[in-house]
Amino acid sequence: VLVANVNAYSGRPQFLQSYLELMNLDIAVVIEKRAEEIRGMKRVADDFSTPVGRPSHHIAVFCKEDCQAWVSPQIGSEEMKMSLALVRVRPDICLIAIHAPPPVPVVATGMRPYIEYIEKYIEGGRTKADWEVCHKDDRVVVMGDMNAVPHSWAHRTLTNTGLQDHRSFSGVRGATWPTGSEAFIDLPFFRIDHILAGDIDIRNIQSIEIPDSDHRGLMVLFPSD
């Protein structure tokens, strides 16, 4: 499973789509609108037809096989809001793919309602109630661009729901931003893309380069049982 901010503004969508195709993924959540198709996968949920403030506010879910997924309306404040995606990775695992509204530099009002919206559905690392394609008591994994560093308010709010930071000991090697884009040096300093999970044996966590993106993507292997 890959969740990656792909940078809507860097162009070369065909190159990105070919790159994602070669990764042979089961599930790919593409944050920001740049890849519209991945050969060998089906786009099962997206908000590409929904008017949003910027192309960077979109999200889409691609699956190799049939899967259940849902993309939310825009969440945040009137000035800054983003969507999120839910994916039923397994019958008992709910993946929440996030792109939290950034606290800087334009407007800081979107982050709190976005994180609080997610928080209200999680307790003890599991979903508190049925939520679109996810069911009550599903084990939760939050992955994606939180636009917040470890121990920030957003990070603490989600870990306080019973989720554990599976990259808490990654140190400098775990930094995910900025990198790879023409607008930034290719040297990530901050870990703002995260994997937070409840009682799940997540394996083979990888932080990978995404062509022409300023973020590293996160890829994990979920157990089959």
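The values are calculated or read from the model by the stated rules, or taken from the named source; none is laboratory data. Quantities reported herein were computed from a predicted structural model and do not represent experimental measurements. Positions of Cβ are backbone-derived with ideal geometry, glycine not excepted, and every protein chain shown enters the neighbour counts. Heads up: the accessible areas ignore ligands, DNA and RNA and are worked out on the full protein's heavy atoms, side chains in. Shrake-Rupley method; radii C 1.70, N 1.55, O 1.52, S 1.80 Å.
Taking a straight Cα-Cα cut-off under 15 Å and skipping sequence neighbours fewer than 8 places away in the same chain, the aspartates and glutamates within cross-link reach of Lys64 are Glu21, Asp26, Glu36, Glu37. For His135, the solvent-accessible surface with a 1.4 Å probe is about 90 Å², rounded to the nearest 10. Apply the a/c threshold of 1.5 to the C-alpha gyration tensor of region 1-152 and tell me whether it is rounded, prolate or oblate. The shape class here is oblate. Charged side chains reduced to their Cβ positions (Lys and Arg at +1, Asp and Glu at -1) give the chain a dipole of some 200 debye around its Cα centre. Across the alpha-carbon set of region 25-93, the Rg to Rh ratio works out to 0.99, Rh being the Kirkwood radius. Per-residue 3J(HN,Hα) values for region 200-216, derived from phi via the Karplus relation 6.51 cos²θ - 1.76 cosθ + 1.60 with θ = phi - 60°, read 9, 7, 7, 10, 6, 5, 10, 9, 10, 6, 10, x, 6, 10, 8, 10, 7 Hz in sequence order (x marks Gly and Pro).
For Arg167, the residues whose modelled amide H falls within less than 5 Å of its own, excluding neighbours fewer than 5 places apart on the same chain, are Ile195. Helix-only arithmetic for the chain: the sum of -39500 (n - 2.57) across DSSP H runs with n ≥ 4, divided by the residue total, places the mean residue ellipticity at 222 nm at -3000 deg cm²/dmol.
Considering only Val3, Phe169, Tyr19, the residue lying farthest towards the positive end of the dipole of the chain is Phe169, judged by Cα position with unit charges set on Cβ.
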